[in-house]
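So the structure is just underneath, and the comments pick up after that.
Read the figures in this text as sums done on the coordinates, not as results from a lab. Computed from a predicted structure; not experimentally measured. Cβ coordinates were reconstructed from backbone atoms using ideal geometry, including for glycine residues, and neighbour counts include every protein chain displayed.
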Amino acid sequence: MSNPKPAYKRILLKLSGEALMGNDAFGINHATIVRMVDEIAEVTRLGVELAVVIGGGNIFRGVAGGSVGMDRATADYMGMLATVMNSLALADTMNKAGLTARVMSAIAIEQVVEPYVRPKALQYLEEGKVVVFAAGTGNPFFTTDTAAALRGAEIGAQMVLKATKVDGVYSADPNKDPQATRYAKLSFDEAISKNLGIMDATAFALCRDQKLPITVFSILKNGALKRVVMGEDEGTLVYA
């Protein structure tokens, strides 16, 4: 009996910075980041090429109070630098777990991380390395969701996986409405007409235009990432 093959060869995983906090108020929870890396390792062992975009909310939230009234571009650059810190932590944890991770930054900080160069990123993925894209798109006014959509399109990913605290997209907030039901699949048009707010508008439009499907799933559920990659009914698939 042959082992089932993954449904996807190359994926882009979008993690929020908040996901790294675990139950802490801010920062990086060691047990949480180790568990996430275990889930990532399980998928790479299947031969799936994986890239990651991570947010910076867990670090930037700690200084966000001080950014009230700050110039928006300046605040966004601070957030981008927070993603570099998260990317370094994630890559270090991966390397300790036996994976080979490379951080590529959209902002040049060459003493710390190498710059994002698309052909080099593609080479790393083909070599089986996990590529962590840091510093968002390198531009203010764009979210890390948009960075995930952009990098996903650039590397030819077959899917963007948006890891959240909820196991998919629901008809209403499942924490408030016990009648809320999870959508297994949605078209981009349905998601827009139902105003479900899966990603910010720029990121969502980019995925729709590039016919790049999105799966929303819970990073808190053990094995969920692997089940998505294997094409099982996990989370919510948004497709063109």
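Computed quantities for the displayed model
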| item | result |
| --- | --- |
| 14 Å Cα cut-off, lysine pairs counted over the chain (separation 8 or more, or different chains) | 11 |
| Charge sum, other residues only, whose C-beta stays under 13 Å from Ala7's C-beta, Lys/Arg counted +1 and Asp/Glu -1 | +2 |
| More than 20 Å apart - percent of Cα-Cα pairs taken over the range 10-239 | 58 percent |
| Ordering of 135-141, 110-116, 229-235, 67-73 by packing [mean C-beta count within 10 Å, highest first] | 135-141, 229-235, 110-116, 67-73 |
| Measure of compaction for the range 1-78 (Cα Rg per 2.2 N^0.38 Å) | 1.47 |
| Cα-projected label distance for Asp209 with Glu190, points at 7 Å along beta-carbon direction, nm | 2.5 nm |
| Euclidean distance of C-alpha centroids, the range 30-83 and the range 190-210, integer Å | 21 Å |
| Full-extension gain in nm, Thr74 to Asn175, via 0.36 nm per residue minus C-alpha separation | 32.9 nm |
| Distance between modelled label sites at Val117 and Glu154, nm, 7 Å Cα→Cβ extension | 1.3 nm |
| Rg/Rg_globular for the range 68-154, with Rg_globular taken as 2.2 N^0.38 Å and Rg from C-alpha atoms | 1.11 |
| Whole-Hz couplings from phi, Karplus 6.51/-1.76/1.60, listed for the range 23-40; x for Gly and Pro | 9, 6, 6, 6, x, 10, 8, 4, 4, 5, 5, 5, 5, 4, 5, 4, 5, 5 |
| The range 170-240: trypsin sites (Lys or Arg not before Pro) in DSSP coil with no more than 11 other Cβ atoms inside 10 Å | Lys176, Lys211 |
| Largest-first principal axis extents, alpha carbons of the range 150-240, Å | 39, 31, 17 |
| Hull volume in cubic angstrom per residue (convex hull over the Cα atoms of the range 1-143) | 119 Å³ |
| For the chain, share of DSSP beta bridges that run antiparallel, in % to the nearest 5 | 15 percent |
